[in-house]
Amino acid sequence: MISLTTAAPAISAAFLASLVEVVEAFTIVLAAGTLRGWRAAIAGTAVAVAVLALIVVALGPVLDQVPLHRLKLVIGTLLLLFGMGWLRKAALRAAGIVPLHDENASFAAQAASLSGVATPRRAGFDWLGGVIAFKAVLLEGLEVVFIVIAVGAGRGLLLPASLGALAACIVVLAIGAIVHRPLARVPENTLKFAVGVILSAFGVFWTGEGLGIAWPGEDLMILPFGAAFLFAGLRATQLVRPSASVLTP
Amino acid sequence: MNLLREVAGELLKMFLGDAWLAVGILTVVSLAGWLARRGAVPPLVGGAVLFLGCIVVLVASVVLSARRHRVP
């Protein structure tokens, strides 16, 4: 039986990371659906989700065969590369060095590129719309798959982490169905900052365990690691912000 | 084929988006591993190097990236 205390970090990391990626994929699917027809957009999305689920289902048991300390070292290092990458980019965006991701601009760019192509017959299946939705969901979903596997594999948490990702999909789809436009008000950079902090903390913990380091307090060490990455991220943002004033990612 | 190339590119970008950050992290992990397995120092020293090294690499990477972006 998995306790909520064990599963909560995996579920929340998968949920928050998925929220960011699903919002980005949703914008492109929305553009494809609006301009090329919903049948193809929904079909492309469904196929991509099935491919992503297949990757999780196929990789999960394979990873369970890898010796635990080696798995922890590899996944921990990948988590550091991925999580610190997100944290770095979020800090640069928060400081105004790199522009924030704009869902409205992304929607407009996607719509402009699609409107240049001949419109499909009303009754026919629009392959272009389907392929665009498929690619968007597959490419954005790869990061979600990695996070689900990274926080879930080796600890029997693949299912809870997958449920966290699924919950994010449901939330975005439900809100998207109601508002029917890009979800530009989601605080994407703050979410990326938070996920970067969580994944970096997990990364240090797992890499250390993979190297044979017995952390004092075991899992509890993830909390001070997270606090340190949060502080370092905010401090770095403040250091590079042109007119350093407020500390908000 | 094109899709596979895009998937491969996306995977590469996921982990090696910034080359200097990746090199820094891998150097810190290697150093921590060497220290932890060397036996001459307690394994926790390797842990401290790993943790503090990652923090330093993060801050340095943000500062260096900001400088690169500011160069006209």
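The values are calculated or read from the model by the stated rules, or taken from the named source; none is laboratory data. Bear in mind that the values here come from a model prediction, so they are computed numbers and not experimental data. Backbone-built Cβ (ideal geometry, glycine too); neighbour counts: all protein chains shown.
Could you tell me which of the residues B:Gly17, B:Gly9 is at the interface with chain A (Cβ under 7 Å from one of its Cβ atoms) and of a type outside the set (Val, Ile, Thr)?
Details: B:Gly9 fails: at the interface with chain A (Cβ under 7 Å from one of its Cβ atoms).
Result: B:Gly17 is the single residue among B:Gly17, B:Gly9 that is at the interface with chain A (Cβ under 7 Å from one of its Cβ atoms) and of a type outside the set (Val, Ile, Thr).
Count, please, the residues in the range A:202-218 that happen to be in contact (Cβ under 8 Å) with a residue 60 or more places away in the chain and either away from chain B (no Cβ under 14 Å) or in a helix (DSSP H, G or I) (or both). Full working, then the answer.
Taking the range A:202-218 as the starting set, the residues that turn out to be in contact (Cβ under 8 Å) with a residue 60 or more places away in the chain are A:202-212.
Going one step further and asking which of them are either away from chain B (no Cβ under 14 Å) or in a helix (DSSP H, G or I) (or both), we end up with A:202-210.
Final tally of qualifying residues: 9.
Residue-wise test of (1) surrounded by fewer than 17 Cβ atoms within 10 Å (Cβ to Cβ); (2) closer than 22 Å to A:Leu191 by Cα.
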| residue | (1), (2) |
| --- | --- |
| A:Ala48 | no, no |
| A:Leu54 | yes, no |
| A:Lys72 | no, no |
| A:Gly85 | no, yes |
| A:Arg93 | no, yes |
| A:Ala105 | yes, yes |
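Does A:Leu183 meet the test of being more than 10 Å from chain B (Cβ to nearest Cβ), in a loop (DSSP other than H, G, I, E, B) and either more than 15 Å from the chain's Cα centre (by Cα) or closer than 18 Å to A:Trp86 by Cα (or both)? The answer is yes for A:Leu183.
Within the range A:187-196, restricting attention to residues that are more than 10 Å from every other protein chain (Cβ to nearest Cβ) and at pLDDT 90 or above, the residue that is surrounded by the most Cβ atoms within 10 Å (Cβ to Cβ) is A:Phe193. For the range A:31-54, the criterion of a residue being modelled with pLDDT under 85 and more than 24 Å from A:Leu183 (Cβ to Cβ) is satisfied by no position.
For the subset of the range A:214-243 comprising residues that are in contact with a Gly (Cβ under 8 Å, 6 or more places away or on another chain) and surrounded by fewer than 23 Cβ atoms within 10 Å (Cβ to Cβ), which member is farthest from B:Gly46 (Cα to Cα)?
If we filter the range A:214-243 for residues that are in contact with a Gly (Cβ under 8 Å, 6 or more places away or on another chain), which is where we start, we get A:215, A:229, A:233, A:241-242.
Subset that is surrounded by fewer than 23 Cβ atoms within 10 Å (Cβ to Cβ): A:215, A:241-242.
Details: A:Trp215: 11, A:Arg241: 33, A:Pro242: 36 Å.
The extreme case among them is A:Pro242.
Among the candidates A:Pro99, A:Pro61, the residue that is at pLDDT below 85, assigned to a loop (DSSP other than H, G, I, E, B) and not polar (S, T, N, Q) is uniquely A:Pro99.
Is the range B:41-48 home to any residue that is β-branched (Val, Ile, Thr) and buried (at least 16 other Cβ atoms within 10 Å of the Cβ)? Please lay out each step first, then the result.
Initially, the range B:41-48 is screened for residues β-branched (Val, Ile, Thr), giving B:41, B:45.
Applying the additional criterion that residues be buried (at least 16 other Cβ atoms within 10 Å of the Cβ) yields none.
Checked the range B:41-48: no residue is β-branched (Val, Ile, Thr) and buried (at least 16 other Cβ atoms within 10 Å of the Cβ).
So in the range A:130-172, with the set limited to residues that are at negative phi and not in a helix (DSSP H, G or I), which one is modelled with the highest pLDDT?
By that ranking, first place goes to A:Leu157.
Matching residues to (1) in contact (Cβ under 8 Å) with a residue 40 or more places away in the chain; (2) facing chain A (nearest Cβ under 9 Å); (3) under 10 Å from the mean Cα position of the chain (by Cα):
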position: B:Val28; (1), (2), (3): no, yes, yes
position: B:Arg38; (1), (2), (3): no, no, no
position: B:Val62; (1), (2), (3): no, yes, no
position: B:Arg68; (1), (2), (3): no, no, no
